[in-house]
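The values are calculated or read from the model by the stated rules, or taken from the named source; none is laboratory data. Treat the numbers as computed from the prediction; the structure is a model and nothing was measured. Here Cβ is always computed from backbone atoms with ideal geometry, including for glycine, and neighbour counts include all displayed protein chains. Protein only, heavy atoms only, side chains kept; ligands, DNA and RNA dropped before computing areas. Shrake-Rupley method; radii C 1.70, N 1.55, O 1.52, S 1.80 Å.
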Amino acid sequence: MTLARLEHAVETGALALSEGAQVVLLEPSADADLGALAGSEVTVQQNFRPAYDLFEAMGYPVTTEARGPADIVHVTLPRSRELARGLLAQAELIAAGGLVIVDGAKTDGIDAILKFAKSKVSIDGQMSKAHGRIFWFNAANAFQECTLPDAAPVVSGWITQPGVFSADGPDAGSEALVEALPKSLKGRGADLGGGWGYLTRHLLDLPGVTHIDLVEADRRALDCAGLNLQDDRVTFHWADATTWGVAGSLDWVVMNPPFHTSRTPDVTLGQDFIRSAARLLKPKGTLVLVANRHLPYETTLASSFAQVQELDGDTRFKILQANQPRTSEKSGRAKRR
């Protein structure tokens, strides 16, 4: 998603942005084109590491928690309703009487959040474009009860936070993977896309495991993992799992790879995770992963590893093991973060 709706609102004159305005962008997409904000002083809040790195490389000030004050705060609507409402509360606080702009796709619930906002404030303007909507209002003090809750235990006892993946407890795929984990895993390994730490916690129970690198791109989820895992054998990395790490440094990798960053499935994400695992593993290393049954990972596994087998599975999930990575890229060109 770009900022096409914001650009359209500005170009048509529906929304005016003052020259030199202090603008804070809350969680913009990695592919966002900020051309509509030329002439503004822009600060970006981003908790997803690949996007954080991209905006930083473009020269924008980037933080994981923007504080303001700002004249304008732009909220890119996330998939989570709780996080969306939490961002509204944060935006209102940062804007402190200024303008709050909310921008999102219909599939991410923009119409529902607009209806909710209308129950709290007077909407100054709105426009529809590119299968979504943008609306704006003057910040008051209407959303503070929506402030995103701190990380806290859920019913199952795990500490999570609204907005992270599987915030209500362990997802079924990870639970299936835990049941099928080979007891033979030993030495140093990584949990790629480790979320709030469910898989890592169970990997620590394996007798041969000496150290785990938990790699997670979502800063909020990683913070929860730090609360769930009080063990010196774990190192936490806020990083993109597809580029993290030193080639040929690990004995094993375990993962439940993502297959979307929006509501549209993208199998290339999981495929990139598999290639990264092959790069990270030693010549006799092992990858174990869970995937939805329909996802076409076998071709990527076969091209990246000498041996591939299905350990377990059902109609929903498959547990796959791959041994002996084929990659020869063991030069350490990617560094630990």
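Overview of results
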{"item": "Relative contact order [Cα under 8 Å, 6+ residues apart], the chain, whole percent", "result": "12"}
{"item": "Electrostatic dipole magnitude of the chain [Cβ: Lys, Arg +1; Asp, Glu -1; Cα centre; debye, to 20]", "result": "820"}
{"item": "Whole-percent pair-distance distribution, where bins are 20 Å wide, for the alpha carbons of the chain", "result": "30, 51, 19, 0"}
{"item": "Exposed-loop-free span, longest in the chain, where GluC sites (Glu not before Pro) count as exposed if DSSP calls them loop and at most 11 other C-beta atoms lie within 10 Å", "result": "66-337"}
{"item": "Volume per residue of the C-alpha convex hull in the range 118-263, rounded to whole Å³", "result": "158"}
{"item": "Carbon/sulfur fraction of accessible area - the chain, other protein chains in place, 1.4 Å, %", "result": "49"}
{"item": "Potential lengthening between GLN307 and ALA152 on full extension [0.36 nm per residue; Cα-Cα distance subtracted]", "result": "51.7 nm"}
{"item": "Efficiency of FRET from Cβ geometry, ASP232 and LYS183, R₀ 25 Å, rounded to 0.05", "result": "0.70"}
{"item": "1.4 Å probe accessible area per residue over the chain, in Å²", "result": "45"}
{"item": "Per residue, the convex hull volume that the Cα atoms of the range 68-196 enclose (Å³)", "result": "152"}
{"item": "Of all DSSP beta bridges in the chain, antiparallel share, percent nearest 5", "result": "45"}
{"item": "Tensor-based shape of the range 231-294 (alpha-carbon gyration tensor, a/c under 1.5 rounded, otherwise prolate or oblate)", "result": "prolate"}
{"item": "Axial C-alpha extent at least 18 Å, average Kyte-Doolittle at least 0.0 - helices from the chain (DSSP)", "result": "81-95, 267-280"}
{"item": "Theoretical FRET efficiency, 1/(1+(r/R0)^6), r = Cβ-Cβ of ALA4 and TYR60, R0 22 Å, to 0.05", "result": "0.75"}
{"item": "Inter-probe distance in nm under a simple model that places probes 7 Å from Cα toward Cβ, at SER122 and ALA16", "result": "1.8"}
